[in-house]
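Step one of this worksheet: look at the structure below.
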Amino acid sequence: MADAEVGKITHYFPKVGVAVLLLSGPLKNGDMIKIVGHNAAFQQQVSSMQVDHVQVPFAEPGQSIGLRVVQAVHEGDKAYRMEQLKAAI
């Protein structure tokens, strides 16, 4: 399965390590994402997400969220939700 694009970075606040992500797909806490762009190419788990300065467990397409990131990003970088392989039973 291919990774699904979930949004694009519209702003980055370097002092607090938070990116603003305009969502094109749903996203929830616990999702693994990959951010790819100018100087960025890293993976992280979504652990802190806010809408209008309020902590939220999930967000829908069209919303802009504040997302704590583990590495610097740039405007225009893209975020992808990584598909998790399910263990065979």
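Could you please find all residues in region 6-61 being among the basic types (Lys, Arg), under 10 Å from the mean Cα position of the chain (by Cα) and within 20 Å of Glu75 (Cα to Cα)? Across region 6-61, the qualifying residues are Lys8, Lys34. Counting only strands (runs of 3 or more DSSP E) that fall entirely inside the chain and contain at least 1 residues that are surrounded by fewer than 15 Cβ atoms within 10 Å (Cβ to Cβ) and in contact (Cβ under 8 Å) with a residue 60 or more places away in the chain, the qualifying elements are 4-13.
Coordinate-derived values only; no laboratory data. Everything numeric here is computed off the predicted structure, so don't read it as measured data. Positions of Cβ are generated from backbone atoms using ideal geometry, with glycine treated the same way; all protein chains shown enter the neighbour counts.
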